[in-house]
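Note sheet for the following structure.
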Amino acid sequence: MPLPIEEDPIINADIRDDVTSSNRNLVEVDREETTGWIKSRTVLGIMGFLGFANVYAMRVNLSVAIVAMVNSTTVQNNSTLDVCLAPTPSNTTIPPKPGEFNWDAGQQSIILGSFFYGYVLTQIPGGRIAEIFGGKLVYGIGVLLTAIFTILSPIAAKVDFKFFIVVRVLEGLGEGVTYPAMHAMLARWIPPLERSKFAAYVYAGSNIGTVISLPISGWLCTLDYAGGWPLCFYLFGGLGVLWFIAWMFLIYDTPQNHPRICPKEVEYITNSIGVQEDKPSMSIPWCKFLTCLPLWAILIAQCGQSWLFYTQLTELPTYMNNILHFDIVSNARLSALPYLTSWIAGIIISIFADWLLAKGWISRQTSMKLWNTVAAFVPAFGLLGIAWAGCDRTAVMLLLSITSAFGGAVYAGNQMNHIDLSPQFAGTMYGITNAASNICGFMAPYVIGQIISSDQQTLGQWREVFYLAAAIDLAANLFYLFFASTEEQDWSRPDNDDMTASAPVESIMYPES
């Protein structure tokens, strides 16, 4: 809860001047007194980035691989149907290889969504365990388990359809702890004025993982060695194991526990966010969570954005294959473009958002609502444009790439809002909202599977898919605009005295508008 700032404009101005001066002093201490050192939180950011790049590479490679795995019949050109005519093959067109599996559209939707059955189950436990025991081991083991089950995926697919689903669920169980565990670590490591851009650096690893995984997976699927598509799982699973070894050696739970950190960096972090205890002293206020409207605002916003995101992530390669008739390599390469633009724009927007906050030109709450709206509205209207671009492949890719760039604004939007409400329970709260939002990970493919015909997919069916995703995203953002908050909640600390002691950095730094 912010310290009270009375209505007197002179008092308000004096306080803001003092806060701005204090912020500048903290930044100068960090800039000058750690010269010559590689900041330990920078290493955390790099390794976290690579970890998310790895898990997303392991998650999305199936979206491309399944195109090569399934023995789909060729769709006939029929001008009486609402379909795009397949282009005449050229010398550069890569002919499709017959797949090994006869899975219909419903089975494919179940496979694509099965990962999320496990993914949602470990979100809340992962966040709480990270808060109690530290995020290093939780995050690291989560990535390692994801890597192991990724390596086992081709074997499972060849054994049995149901066994493949089980392995995908187990892979989701491992990856489910990663986001809440990292959120708990960021709450202990990252000063408030760095959080938007730091979140963009770390969590945008998911975009880079997608950008790298999709084209490489598409190319691997064309190879004859080992059947082609299994290489997608072996390569990225192996990289995940190697990453785990480096993570365990380089990363520590808190600045105070790091044996190689610069003492001045510890001082800077401590002055910014206070001393981080190894274990929280409070039990989880579950009833307070249920009645916390700002937490519900984050949850609803993330659900809307996840529905749109997973519509693109899991179904875009299928749309480009069956409707726009891209070959598998072009399909994979072009499917990666929206995530590349989202990553670049996400970092730029987050740096700009932090700069506005540091200047005092915008409040924390207004900043989050502004950028969350940008992250929701522009991609949603982009999908509406794609729905009416029809068979114009160039227009579709331009709309996807340009509008998806603004989706990167989410890192300056709701992504770090949990830490504002309660730094101590940030991991658990992120687990709650991320679990709820990722239910869309299996609901979206299932609903799409019900809308899309197995025999003959049409533009009209896909327009319904895009309309639905845009509508859900826009409605969710409106809820966030009405009910989001950046005030630390009264249940966040053991008592008001403890909360007041920690408030100068977290709440005066961002006075409410």
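Considering only region 395-410, I want to know if a residue exists there that is at pLDDT 85 or above, more than 16 Å from the chain's Cα centre (by Cα), open to solvent by 20 Å² or more (accessible area, probe 1.4 Å) and under 22 Å from residue 366 (Cβ atoms).
no
Out of region 440-478, which residues are of a type in the set (Asp, Glu) and at pLDDT 80 or above?
If the condition is that a residue be of a type in the set (Asp, Glu) and at pLDDT 80 or above, then 464, 473 are the ones that fit.
Every residue in region 117-131 that is part of a helix (DSSP H, G or I), out of contact with any Ser or Thr (no Cβ under 7 Å at 6 or more places or on another chain) and open to solvent by 30 Å² or more (accessible area, probe 1.4 Å), please. So that I can check it myself, show each step before the final result.
Of region 117-131, the ones part of a helix (DSSP H, G or I) are 117-119, 123-131.
The next check asks that each one be out of contact with any Ser or Thr (no Cβ under 7 Å at 6 or more places or on another chain); those that pass are 117-119, 123, 125-126, 129-130.
Answer for region 117-131, where residues must be part of a helix (DSSP H, G or I), out of contact with any Ser or Thr (no Cβ under 7 Å at 6 or more places or on another chain) and open to solvent by 30 Å² or more (accessible area, probe 1.4 Å): 117, 125, 129.
What number of residues within region 464-496 are hydroxyl-bearing (Ser, Thr, Tyr) and either touching a Ser or Thr at 6+ places or on another chain (Cβ under 7 Å) or open to solvent by less than 10 Å² (accessible area, probe 1.4 Å) (or both)?
Result for region 464-496: 2.
What is the number of the single condition among (1) more than 21 Å from residue 122 (Cα to Cα); (2) open to solvent by 10 Å² or more (accessible area, probe 1.4 Å); (3) out of contact with any helix residue (DSSP H, G or I) (no Cβ under 6 Å at 6 or more places or on another chain) that residue 420 does not meet?
Failed condition: (2).
Could you say whether any residue in region 370-378 is part of a loop (DSSP other than H, G, I, E, B), in contact with a helix residue (DSSP H, G or I) (Cβ under 6 Å, 6 or more places away or on another chain) and over 18 Å from residue 468 (Cβ atoms)? I'd like the intermediate steps shown before the answer.
To start, the set of residues in region 370-378 that are part of a loop (DSSP other than H, G, I, E, B) comprises none.
No, the conditions are met nowhere in region 370-378.
Just to confirm my filter: which helices (runs of 4 or more DSSP H) fall fully inside region 132-232 and include at least 3 residues that are touching a residue at least 12 places away in the same chain (Cβ under 8 Å) and surrounded by fewer than 21 Cβ atoms within 10 Å (Cβ to Cβ)?
On the way: elements: 135-159, 161-175, 178-189, 195-203, 205-221.
Passing ranges, in order: 135-159, 161-175, 205-221.
Quick check on this structure: which one of 461, 415 is of a type in the set (S, T, N, Q) and more than 21 Å from the chain's Cα centre (by Cα)?
Numbers: 415 fails: more than 21 Å from the chain's Cα centre (by Cα).
Matching residue, one of 461, 415: 461.
Any chance region 438-445 includes a residue that's touching a Pro at 6+ places or on another chain (Cβ under 6 Å) and under 24 Å from residue 205 (Cα atoms)? Break it down into steps so the answer makes sense when it comes.
Going residue by residue through region 438-445, those that are touching a Pro at 6+ places or on another chain (Cβ under 6 Å) are none.
Within region 438-445, not a single residue is touching a Pro at 6+ places or on another chain (Cβ under 6 Å) and under 24 Å from residue 205 (Cα atoms).
Residues of region 297-330 being of a type in the set (Gly, Ala, Ser), at pLDDT 80 or above and more than 15 Å from residue 60 (Cα to Cα), which ones?
Those that are of a type in the set (Gly, Ala, Ser), at pLDDT 80 or above and more than 15 Å from residue 60 (Cα to Cα): 297, 301, 304.
The values are calculated or read from the model by the stated rules, or taken from the named source; none is laboratory data. These numbers were taken from a predicted model, which means no experiment stands behind them. When we count neighbours, we look across all protein chains shown, and the Cβ atoms used for this are built from the backbone with ideal geometry, even at glycine. Keep in mind that these areas ignore ligands, DNA and RNA; they rest on the heavy atoms of the full protein, side chains included. Shrake-Rupley method; radii C 1.70, N 1.55, O 1.52, S 1.80 Å.
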